[in-house]
Amino acid sequence: MPDMKRFKLIANPASGTKRTRRIASQVVELLGRKNVAFDLEFTNAPRHAAEIASRSCKDFDAIVAIGGDGTIHEVAGAMLSCEVPLGIIPAGSGNDLIKSLGIPTNIPAAVDVLLAGRSQVIDVGTINGLCFVNVVGIGFDAAVNHNSHGLRWPASGLLRYVIALVKTLGSYAPVPLAVTIDGETSSANLFLLTIGNGTTCGGGFRLTPHAKLDDGLLDVTRVKPITIPRLIWHLPKVINGTLDRVELYASMRTARKIRVESASPLPVHVDGEIYRGDTTRLEIEILPKALTVIGNI
């Protein structure tokens, strides 16, 4: 990226693993060695990352989020009208979006990707008007995500979400949903409904394994009610991305617009963050080619 001169680094010290300050210091050291100009700012409140990104777009050549998927979610939402790209240094518990972008978890390697500056324009989604970059989870997926926020150990990775999954198994029941996909409505009890722009959630669960960030479509995975033994039996397929082979329980398709309606509030997560808006009626759609990011694909 020969014309890139200055980076705005936005670091969330409360992100995921809470290792962000150490990682930010490592990034500062690596950029300093390469004589790269930058400005680092730590967030101190919810929505602060979005405010920093919004006011920094015109003064920097890239905005860099140092944090997890929640931090990326917040920064990206403020950059939809920004003319400079979003860079990512992973420092969260799940780090799911980077898996679709080819960004490594190793910090020096992630900095190398950032400095190489290979940018691409990707889609984003909206849920009731709120931007999301990677995934929306409804039902069991979201309940697991909610429970993962209460765990003190492990700090990050797939194991964290597996432990939360086990914790959730005995207390979760499928919910009746009316789901309208591109104008076609069906009603059924569903174990989970996942809508992905990226391929993974929960640190590596590949619930939308065929999703592409730039195809103008969202991938929709529906899973019917399933017993605990069968869920455990099929769990490896979720991790290796072959859940669609379990046709008795799972179905996948693509869509541009999805409406989800429920008689009672639903557990919902958006890019790994607990969604606190209306969860009885969700309007979800794709915004094609809405965000420029730096990746390695």
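Descriptive notes on the structure:
- Within the stretch 28-70, the residues that satisfy the criterion of being under 25 Å from Ile122 (Cα atoms), crowded, with 19+ Cβ neighbours inside 10 Å and at pLDDT 95 or above are Ala49, Ala50, Ile52, Ala53, Ser56, Phe60, Ala62, Ile63, Val64, Ala65, Ile66.
- The set of residues in the stretch 201-234 being touching a residue at least 24 places away in the same chain (Cβ under 8 Å), under 15 Å from Phe140 (Cα atoms) and over 16 Å from the mean Cα position of the chain (by Cα) consists of Arg222, Val223, Lys224, Pro225, Ile226, Ile228, Leu231.
- Failed item, numbered, when Asp141 is tested on (1) without any contact (Cβ under 8 Å) to a residue 24 or more places away in the chain; (2) buried (at least 24 other Cβ atoms within 10 Å of the Cβ): (1)
- One residue stands out in the stretch 274-292 among those that are polar (S, T, N, Q) and not in a strand (DSSP E or B): the one that is surrounded by the fewest Cβ atoms within 10 Å (Cβ to Cβ), namely Thr280.
- Count of residues meeting criterion [within 30 Å of Tyr275 (Cβ to Cβ) and either surrounded by fewer than 21 Cβ atoms within 10 Å (Cβ to Cβ) or acidic (Asp, Glu) (or both)] in the stretch 114-138: 8
- Scan the stretch 1-27 for residues that are assigned to a loop (DSSP other than H, G, I, E, B) and at pLDDT 95 or above and the total you get is 0.
- Looking only at residues in the stretch 237-273 that are without any contact (Cβ under 8 Å) to a residue 24 or more places away in the chain and basic (Lys, Arg), the one that is surrounded by the fewest Cβ atoms within 10 Å (Cβ to Cβ) is Arg245.
- From the options Asp112, Asp59, residue that is outside any loop (DSSP other than H, G, I, E, B) and either acidic (Asp, Glu) or without any contact (Cβ under 8 Å) to a residue 40 or more places away in the chain (or both): Asp112
- Residue match in the stretch 168-186 (condition: modelled with pLDDT of 95 or more, surrounded by fewer than 19 Cβ atoms within 10 Å (Cβ to Cβ) and within 20 Å of the chain's Cα centre (by Cα)): no
- Among the residues of the stretch 34-56, those identified as part of a loop (DSSP other than H, G, I, E, B) and more than 17 Å from Gly117 (Cβ to Cβ) are Thr43, Asn44, Ala45, Pro46, Arg47.
- Per the conditions (1) in contact with a strand residue (DSSP E or B) (Cβ under 8 Å, 6 or more places away or on another chain); (2) within 15 Å of Leu235 (Cα to Cα), the sole criterion not satisfied by Val166 is (1).
- Given (1) touching a residue at least 12 places away in the same chain (Cβ under 8 Å); (2) in a loop (DSSP other than H, G, I, E, B), index of the condition Leu193 fails: (2)
- On inspection, Val220 fails the criterion of being outside the structural domain of Val75 (by TED's automatic domain parsing), among the aliphatic types (A, V, I, L, M), surrounded by 15 or more Cβ atoms within 10 Å (Cβ to Cβ) and touching a helix residue (DSSP H, G or I) at 6+ places or on another chain (Cβ under 7 Å).
- Looking across the stretch 144-180, the residues that are over 28 Å from Pro104 (Cα atoms) and of a type outside the set (Val, Ile, Thr) come down to Lys167, Leu169, Gly170, Ser171, Tyr172, Ala173, Pro174, Pro176, Leu177, Ala178.
The values are calculated or read from the model by the stated rules, or taken from the named source; none is laboratory data. Remember, it's a predicted structure, so these values are computed and weren't measured experimentally. A quick note on method: Cβ atoms are made from the backbone with ideal geometry, for glycine too, and the neighbour counts reach across all protein chains shown.
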